[in-house]
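Working notes for the structure below.
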Amino acid sequence: MSLIASAHIGVDIEPSRWRLDEKTANLRRRVFYECYQADKWRSLFVGRPSYFSKVSVSCELPDDEYAMYN
């Protein structure tokens, strides 16, 4: 349910379009990719299609340096 809610609020959309500061944009990217990974695992275990399709995702990967220290 939370995966669907995250898609409805637009976490899969690249946050740089909204003129957010870099720290907030990276945080949104990290949140999205956590949801994306959880969705892929859920679909694997349940045997259902995943909610996020690779075609509809426009979010870039978060910075590695930010993920390492925060």
Q37-S16 FRET efficiency (beta carbon distance; Förster radius 25 Å; 0.05 resolution): 0.70
Rolling a 1.4 Å sphere over the protein heavy atoms, what is the accessible area per residue of the chain, to the nearest Å²? 75
Just to be sure I understand: with springs between alpha-carbon atoms less than 10 Å apart, which residue in D21, D39, D12 has the highest mean-square fluctuation in the Gaussian network model of the chain? D21
Give the carbon-plus-sulfur fraction of the accessible surface of the chain in %, rounded to a whole number; probe 1.4 Å, heavy atoms of protein chains only. 57
Using θ = phi - 60° and the Karplus form 6.51 cos²θ - 1.76 cosθ + 1.60, what ³J(HN,Hα) does each residue of region 4-11 get, whole Hz, x for Gly and Pro? 5, 5, 5, 5, 5, 8, x, 5
Let me have the 222 nm mean residue ellipticity of the chain computed from DSSP H runs of 4+ only, each contributing -39500 (n - 2.57), with the sum over all residues rounded to the nearest 500. -17000 deg cm²/dmol
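Using a Förster radius of 25 Å, what is the FRET efficiency between T24 and I4 based on their Cβ-Cβ separation? Nearest 0.05, please. Walk me through the numbers before you get to the answer.
Values: r = 23 Å, r/R0 = 0.92.
Once the sixth-power term is evaluated, E becomes 0.60.
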Convert each backbone phi in region 46-61 into a coupling constant with the Karplus relation 6.51 cos²θ - 1.76 cosθ + 1.60 (shift: θ = phi - 60°), then list the ³J(HN,Hα) values in order as whole Hz, x for Gly and Pro. 7, x, 10, x, 6, 7, 8, 9, 4, 5, 7, 7, 10, 7, 6, 5
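The values are calculated or read from the model by the stated rules, or taken from the named source; none is laboratory data. Since the structure is predicted, the reported quantities are computational estimates derived from the model, not experimental observations. Note: ideal-geometry Cβ built from the backbone for every residue, glycine included; neighbour counts use all protein chains shown. These accessible areas exclude ligands, DNA and RNA; they are computed on the full protein's heavy atoms, side chains included. Shrake-Rupley method; radii C 1.70, N 1.55, O 1.52, S 1.80 Å.
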